[in-house]
Structure formats: structure tokens, C-alpha cells
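The values are calculated or read from the model by the stated rules, or taken from the named source; none is laboratory data. What you see is a predicted model; the values in this text were computed from it and never measured. Backbone-built Cβ (ideal geometry, glycine too); neighbour counts: all protein chains shown. The accessibility values were calculated without ligands, DNA or RNA, using every heavy atom of the protein model including side chains. Shrake-Rupley method; radii C 1.70, N 1.55, O 1.52, S 1.80 Å.
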Amino acid sequence: MNIKRTFLFSLFFITFTIVYPQDKPKTLLWKVSKNGSESISYLFGTFHQVNPDFFDSLSIANLHLKNSEILFVEAYSDPNTDTTKAEQNKDAALFETWNKEKWKSKLNSRQFVIFEKFVNSKWVDEYVYKLHPAQLMFLLQYMYIQGVCDTLNRSSYDPMDTRITQIGLAHKLTVIGLDKNQAQDIKISTEKDKSLSLKNTLKQDVIYIDYILKKNTDNPTAKILRDYKNKNLDYSLNKSIKGNSYLLNERNNKWMAQLTESFKTKNCFVAVGFRHLCYKTGLIQQLRREGYKVEPIAL
């Protein structure tokens, strides 16, 4: 399994419609329309680490994607440009390089034993000593979902978002990345969000390592994965998010201006992490406050 160094960057209004309860509409796809406009757009909540074949199985979502004019994803770099690799190296340099001694000094003895066991496992090698805890956390999330939880009939370790982008390009859609510098946003989040403080990030790293080593699938992360694949998410549309306010809320706010401008004249398909659709500050509720009708579509 070649997912060692995968690094990507890469919830939830208690009202009811005729067909769906809004918090748990049993879908991942939402239709966006507005009086006076002929354009129809769609929001699709992705789960970055889920087997991309899952999206292929959603025929209705695929149909609306292929019939759109613009595909918005969180991040997109044209692979044919010479700047992509340079940009990746520049992004990696945003984070301090760690080493074994620093990890040992920041973890307690029990945590470091677990960390060392992981370094010496089949999953990784000593390369992980160099990673900043925030970088490692995102890597561990991929490893855990792709290598422990969502392994059945998996033929690709690409993010779901990559598959959606490939489909969009194959059908001649204009693909636009909403984030100008995703790594920078993550770096800012580690400085602004308490839930991504160094102490909490180190704790989460060890939790995910323990999940991986024990192949533990009885935990909140695994439950969210099951709920997602069963289309049983709770969007909590009238609740406020706790933690990760910059990584979600600030990015949502930045995205809204670009999305609403395009929605005026173009049929768009927006594929972003499902948590960006959730809560009072998510895209669904922000669009509704802007006068858009946003309704769940059965898959």
C-alpha cells in the first residue's frame, strides 16, 4: 500500500421541507437556485479519503457534474504547468522540520512508545520524524481511512476530489480551485484555532496512530465514515461549529464571493469537504441568507 507520504489538503437548522428533514436529509447533494436566474448549481459534500469509486456509484451526482459548466473544488493545480512541484515544495517549507529528539521532548513517555512503535511498523519509516505534527495529522487521517476503515474493493488511493476533478476535465468543465494557498490556510489554523494547537495536534496524532496500529474501527471517526457512506450525515444547520473555525468558517467566507458571482450566470458544481456544508456558517446556510433556495437532492 503506497500511502505513506500522501499529503493533501484536503457540520451540520431544524426546519422541514415536504420531502426531507433538513438536518438529516439522507443525501450528499444539494441543488442551488434563485428567483430571476436560469442558472442551476449543485453542492456536493466530499469525504476526501473515501474510495473515489464511491462517487462513481452516485449516478445522479455524476449526471449533474457532467452537465455543469464550472467545477469548483477546494484546491486545483494544473498538472501540465512547471510551477506545481515548486509550489508543493514552497508549501512544505511553511512548516518547521522536526526530528526524533523534538518528538520525544513533546510527547510523554507513553505517547512516545506508541509513536516509536508506529515508526517501526509497516506503515511508515523514519521520514515521519521530519514532519510537523499538523502535517502528520493530515497524513494519519488518510492512512487511517484508506488503510484501515475503507479498504474494500479499493483500487485507488487518490482522494475522492481528484476523481471528481478528472471527471470534470474529461467533460470539458472549467475547473477552479477555491483555495489560493491551502497549506497557508492550514498553517494559519494551527495558530488561530485552539483545536489545532500544538498540544491538541500531538494528542490527535497519537490517537490516530493508536487507531491504525490496533486497526480500531469503533470510534467517532469511523462512525462519521459509515454515516457518510450511508448518506446519513447530520448537517446541524442551526448550530455553531466548535473549533476549526478558521479552517472551515474563514475559508467558507472567502469562497462565497466567488461562488455567488459564478452562480449568477453559470451552472456550477461545487465539490468540497462535507463539513463546509454544515452548521450555520456553512455554505448551505450562507447561500440561503443570500436569497438562494438550497434543497437536498435524493441520490
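Restrict the check to region 92-101 and report whether at least one residue is modelled with pLDDT under 70 and outside any strand (DSSP E or B).
Yes, because at least one residue in region 92-101 is modelled with pLDDT under 70 and outside any strand (DSSP E or B).
If I ask for residues that are open to solvent by 30 Å² or more (accessible area, probe 1.4 Å) and either touching a helix residue (DSSP H, G or I) at 6+ places or on another chain (Cβ under 7 Å) or under 16 Å from Ser57 (Cβ atoms) (or both), which ones from region 136-153 would you list?
Passing the criteria: Gln141, Cys149, Leu152, Asn153.
Quick one: in region 181-212, of everything that is touching a helix residue (DSSP H, G or I) at 6+ places or on another chain (Cβ under 8 Å) and of a type in the set (Ser, Thr, Tyr), which residue is surrounded by the most Cβ atoms within 10 Å (Cβ to Cβ)?
That would be Tyr208.
Looking at Lys242 and the list (1) more than 16 Å from the chain's Cα centre (by Cα); (2) surrounded by 14 or more Cβ atoms within 10 Å (Cβ to Cβ); (3) outside any helix (DSSP H, G or I), which single condition is not satisfied?
The one condition Lys242 does not meet is (2).
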